[in-house]
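Please read the structure below before turning to the comments.
The values are calculated or read from the model by the stated rules, or taken from the named source; none is laboratory data. All values reported here derive from a predicted model rather than from experimental measurement. Don't worry about glycine lacking a Cβ; one is built from the backbone with ideal geometry, like all the others, and counts go over all protein chains shown. Side chains included, ligands, DNA and RNA excluded: accessible areas come from the protein's heavy atoms. Shrake-Rupley method; radii C 1.70, N 1.55, O 1.52, S 1.80 Å.
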Amino acid sequence: MTRAAAKSAIPFFNYREAFAAREKEYASIFLDVLRRGAFIQQQDLAAFEQNLARYLGVKHAIGVGNATDGLLMAWLAAGLQPGDEVIFPSHTMVASAASVAHARGVPVPVDCGADHLIDPTAIESAITSRTRAIMPVQLNGRTANMADIQSIADRHGLFIVEDSAQALGSRFRGRFAGTFGRAGVFSFYPAKILGCFGDGGAVVTDDDSIAEQVLLLRDHGRDSGGAVVRWGFNSRLDNLQAAILDLQLTDYGDIIAHRRGLAAVYQELLGDLKQVQLPPGPDANADHFDVYQNYEIQADDRDSLRAHLADDGVGTIIQWGGKAVHQFPELGLGRHLPATDRLFQRCLMLPMNMTLTGADARYIAQSVREFYGE
């Protein structure tokens, strides 16, 4: 490659440009919703829920205030009892485990595999007489090996709730993330593939009883007639945010195609570097259809590479402040997870979003190669 004549300025995520790219359409939605005074649980939310359910092929999609609340409500609706253990990958945001703890369960962290997702063999070794459920976390736009995980759950009489916050549209053997367990949860945080302009999330399920309970839980425990039938929360997806999300969902195939194209550029230009380990490429495995919410690599001399990229104007991040859930001693999880510990010494996320162009991805790859003297 030829060195670019001038440094680029490529932020990790460009929030302003994410709005500017469709400003007229978003402004039209704002005006329409506000002029109608349609703020809480109006038709826009119902339409988005119907369209999301249709996209995923599930019976129920329920908009909630955020994915963390969605997970908490999913556990309560699924019948998690105080003291029940839930196995989850420590390579995740603390919110995953917090949802179990707030439901009065016991989160049990386990190691990840080479693809940075939960290792099925680690699940098996962590099962005890108190284990009740497994929470796969479908990270970075990839779905875990749900065939192996479901087999483990079936053998031990466990149920599954999926944290699919980062994986809307991802598939394993043709089936969407979030649709394997009793419930799945998605996030619509602004930097997500389908992102609103604030917090937002959804719970999806084919289980009528779980859907009924989540509908109660998200709205103060009130039923359709307004009677309070259980303790609940205030966690409804705002109608305005739902309208914004519904607009983006119409183009979701194009959004995913763009991200997979960027991943292909990274794979082509960095795939031969011995100093970095890339995510699986877009066509690496017929079982997986990845949507690349994030592009998380492992890199030799990670911190120096990050400084080099910053000097070249490229923004990067290390997920969750550079710590896995089990690495926060105050949480008292007390696990030795060597693969996850090693990953957090090497992991780095390169830019991956809709404002990134193919030329940007090539510039970033060039900078990485130059750091390693290639």
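Looking at (1) touching a residue at least 24 places away in the same chain (Cβ under 8 Å); (2) assigned to a helix (DSSP H, G or I); (3) open to solvent by 10 Å² or more (accessible area, probe 1.4 Å), find the lone condition where residue 257 falls short.
Looking at each condition in turn, residue 257 falls short on (1).
Determine if the range 262-277 includes at least one residue that is assigned to a loop (DSSP other than H, G, I, E, B) and within 19 Å of residue 166 (Cβ to Cβ).
Within the range 262-277, not a single residue is assigned to a loop (DSSP other than H, G, I, E, B) and within 19 Å of residue 166 (Cβ to Cβ).
Taking the range 166-197 as the search range and keeping residues that are under 11 Å from the mean Cα position of the chain (by Cα), of a type in the set (A, V, I, L, M, F, W, C) and farther than 17 Å from residue 48 by Cβ, which one is surrounded by the fewest Cβ atoms within 10 Å (Cβ to Cβ)?
191
Against the definition (in a helix (DSSP H, G or I), in contact (Cβ under 8 Å) with a residue 24 or more places away in the chain and within 30 Å of residue 371 (Cβ to Cβ)), how does residue 243 come out, yes or no?
In short, no.
Go through the range 356-370 and give me each residue that's in contact with a strand residue (DSSP E or B) (Cβ under 9 Å, 6 or more places away or on another chain) and either open to solvent by 10 Å² or more (accessible area, probe 1.4 Å) or not in a loop (DSSP other than H, G, I, E, B) (or both).
Within the range 356-370, 360, 361, 363, 364, 365, 367, 368 meet the criteria.
Run residue 374 past the list (1) open to solvent by 20 Å² or more (accessible area, probe 1.4 Å); (2) among the charged types (D, E, K, R); (3) closer than 22 Å to residue 255 by Cβ and report the number of the one that doesn't hold.
(3)
State whether the residues of the range 284-291 include one that is of a type in the set (Val, Ile, Thr), farther than 23 Å from residue 45 by Cβ and part of a loop (DSSP other than H, G, I, E, B).
yes
Could you give every pair whose Cβ atoms fall below 6 Å, whose first residue belongs to the range 333-353 and is part of a loop (DSSP other than H, G, I, E, B), and whose second residue is of a type in the set (Asp, Glu) and open to solvent by less than 40 Å² (accessible area, probe 1.4 Å), counting only separations of at least 6 or pairs across chains?
That search, which allows pairs on different chains as well, returns 337/111.
Can you tell me which residue within the range 16-57, out of those that are free of Cβ contacts under 8 Å to residues at least 24 places away in the same chain, of a type in the set (Gly, Ala, Ser) and more than 21 Å from residue 201 (Cβ to Cβ), is surrounded by the fewest Cβ atoms within 10 Å (Cβ to Cβ)?
In this case the residue turns out to be 37.
What's the total number of residues in the range 319-374 that are at negative phi and under 25 Å from the mean Cα position of the chain (by Cα)?
39
Could you say whether any residue in the range 248-256 is among the small types (Gly, Ala, Ser) and under 18 Å from residue 176 (Cβ atoms)?
yes
So which residues in the range 14-60 are of a type outside the set (S, T, N, Q), outside any helix (DSSP H, G or I) and farther than 30 Å from residue 360 by Cα, if there are any at all?
Passing the criteria: 37, 38, 39, 40, 57, 58, 59, 60.
Out of contact with any helix residue (DSSP H, G or I) (no Cβ under 9 Å at 6 or more places or on another chain) and under 23 Å from residue 351 (Cα atoms): does that describe residue 272?
Taking the combined requirement at face value, the residue satisfies it.
With the requirement that a residue be in contact with a Phe, Trp or Tyr (Cβ under 6 Å, 6 or more places away or on another chain) and open to solvent by 20 Å² or more (accessible area, probe 1.4 Å), what does the range 289-314 give you?
Across the range 289-314, the qualifying residue is only 308.
Going by what's in this entry, would residue 63 be described as outside any helix (DSSP H, G or I), on the phi > 0 side of the Ramachandran plot and either open to solvent by less than 40 Å² (accessible area, probe 1.4 Å) or among the basic types (Lys, Arg) (or both)?
no
Across the range 148-165, what is the number of residues that are more than 22 Å from residue 81 (Cα to Cα), of a type in the set (Gly, Ala, Ser) and open to solvent by 40 Å² or more (accessible area, probe 1.4 Å)?
Count: 1.
Counting residues that are among the charged types (D, E, K, R), out of contact with any Asp or Glu (no Cβ under 9 Å at 6 or more places or on another chain) and within 20 Å of residue 186 (Cβ to Cβ), which strands (runs of 3 or more DSSP E) fully inside the range 72-143 reach at least 2?
Counting at least 2 such residues, we get no strands (runs of 3 or more DSSP E) at all.
Give me the residue from the range 198-222 that is part of a loop (DSSP other than H, G, I, E, B) and more than 22 Å from residue 180 (Cα to Cα) and, out of that set, most open to solvent (accessible area, probe 1.4 Å).
199
Could you pull out the residue among 221, 141, 201, 169 that is in contact with a helix residue (DSSP H, G or I) (Cβ under 7 Å, 6 or more places away or on another chain) and at positive phi?
Being in contact with a helix residue (DSSP H, G or I) (Cβ under 7 Å, 6 or more places away or on another chain) and at positive phi holds for just one of 221, 141, 201, 169, which is 169.
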